[in-house]
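See below for the structure under consideration.
The values are calculated or read from the model by the stated rules, or taken from the named source; none is laboratory data. None of these values were measured; they are calculated from a predicted model. Note that each Cβ is placed from the backbone with ideal geometry, even for glycine, and that neighbours are counted across all protein chains shown.
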Amino acid sequence: MAELDDIIHQPLRLKIMAALNALPAEVGLEFARLKKLTGATDGNLGAHIETLAKAGYVSVDKAFVGKKPQTTVTATAAGRGAFTRHVATLQEIIAGKQV
Amino acid sequence: MIDSKQASDAMADIEDTVRRVRQSQIYQVSSLALLMWGVLAFVGNIAGWFWPRYGLYFWFAVYAVSAIGFIALSAYHRSKSRIRVFDGRYMLTFALIAAFGIFCCYFGHFTPRQQTVFWPIYIMLFYMMAGVWFGTAFLVIGATIIALTLIGYAYVPGISLLLWMAVVNGGGLIVGGLWMRRS
């Protein structure tokens, strides 16, 4: 019986992983766009991205575009796998296969 | 463990986020296309105002440049994001829309003034339809340009209508593109 992933299950982290998982592999989202898509604040989003990065679910790349710093967050293969399993578990719960 | 209601809520959150990501991708590439079409519509109307006899040729050139430009924008976006937002089906759709517009003009025997407002209204109708599926920004841009075009048709006399259309159609698309970019 599959278990829910505690790291992904937190609502904002679930949205972050859903957004990154909607993109092709190795394509990331800039911090500002991720913030707009999830409706999170800077500090909150940064903290949750760090949690996901520590778990190896996302990679964070910091670069300069012109003179502006730009942070890009990308789902790793491990993150995509964990998200897929998490969604499958949610579907099982909805279908009543897990109580 | 969570119950099925909480699981359904989580799935709804996921679906909503995925929808937002897809809409954001469409807005990114569409905003560039709108900016390009805005500039071309502005130039086409201004050129038609300066040299009215060659208006038809200017518009053929505008449509040819916009088709090539759209292909280039789609390719640029794809190379940058590796996401294919538009493909050949969209080009075929645009070709069919243009063909039906030409059909209407030919059998409708429109005057030049009527043609000046027909094309923006006709094309904006499809923007509004796109808005139903891809995001309200298209709906707002389409409805605003149609309303302003009709006001111009009713109240702006003679060839000045082309200047009105340069601002309303060209300017409207540029403002709409910039707004969409920020959405």
Which one of these does A:A77 not meet: (1) of a type in the set (A, V, I, L, M); (2) surrounded by fewer than 15 Cβ atoms within 10 Å (Cβ to Cβ); (3) at pLDDT below 95? (3)
In region A:11-20, which residues are more than 7 Å from chain B (Cβ to nearest Cβ) and either among the aromatic types (F, W, Y) or in contact with a Ser or Thr (Cβ under 8 Å, 6 or more places away or on another chain) (or both)? A:L12, A:R13, A:I16, A:L20
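Okay, residues lined up against (1) away from every other protein chain (no Cβ under 13 Å); (2) farther than 20 Å from A:D42 by Cα:
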position: A:V58; (1), (2): yes, no
position: A:A63; (1), (2): yes, no
position: A:Q70; (1), (2): yes, no
position: A:A75; (1), (2): no, no
position: A:T84; (1), (2): no, yes
position: A:V87; (1), (2): no, yes
position: A:G96; (1), (2): no, yes
Residue match in region A:19-27 (condition: among the aliphatic types (A, V, I, L, M) and in a helix (DSSP H, G or I)): yes
Of all residues in region A:88-99, which are out of contact with any helix residue (DSSP H, G or I) (no Cβ under 7 Å at 6 or more places or on another chain) and part of a helix (DSSP H, G or I)? A:A88, A:T89, A:Q91, A:E92, A:A95
Enumeration of residues in region A:24-45 that are touching a Lys or Arg at 6+ places or on another chain (Cβ under 9 Å), modelled with pLDDT of 90 or more, surrounded by fewer than 19 Cβ atoms within 10 Å (Cβ to Cβ) and at the interface with chain B (Cβ under 9 Å from one of its Cβ atoms): A:K36
Identify, from the list B:T116, B:T136, the residue that is among the polar types (S, T, N, Q) and over 16 Å from B:L56 (Cβ atoms). B:T136
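Listed here are the residues, each with its yes/no results for (1) among the hydrophobic types (A, V, I, L, M, F, W, C); (2) in a helix (DSSP H, G or I).
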{"residue": "B:R113", "(1), (2)": "no, yes"}
{"residue": "B:T116", "(1), (2)": "no, yes"}
{"residue": "B:I123", "(1), (2)": "yes, yes"}
{"residue": "B:G131", "(1), (2)": "no, yes"}
{"residue": "B:A137", "(1), (2)": "yes, yes"}
{"residue": "B:G158", "(1), (2)": "no, no"}
How many residues does region A:31-60 hold that are among the polar types (S, T, N, Q) and not in a helix (DSSP H, G or I)? 2
Go through region A:11-53 residue by residue and tally those that are more than 17 Å from A:T84 (Cβ to Cβ), in contact with a helix residue (DSSP H, G or I) (Cβ under 7 Å, 6 or more places away or on another chain) and among the polar types (S, T, N, Q). 3
When every residue in region B:111-142 that is of a type in the set (A, V, I, L, M, F, W, C) and closer than 19 Å to B:V156 by Cα is compared, the one surrounded by the most Cβ atoms within 10 Å (Cβ to Cβ) is B:W119
Residues of region A:61-78 being in contact (Cβ under 8 Å) with a residue 12 or more places away in the chain, more than 11 Å from the chain's Cα centre (by Cα) and assigned to a strand (DSSP E or B), which ones? A:D61, A:Q70, A:T71, A:T72
Residues that are within 14 Å of chain A (Cβ to nearest Cβ) and either touching a strand residue (DSSP E or B) at 6+ places or on another chain (Cβ under 8 Å) or crowded, with 16+ Cβ neighbours inside 10 Å (or both): does region B:31-49 have at least one? yes
Those residues of region A:15-47 which are within 20 Å of B:M11 (Cα to Cα) and of a type in the set (S, T, Y), in sequence order: A:T38
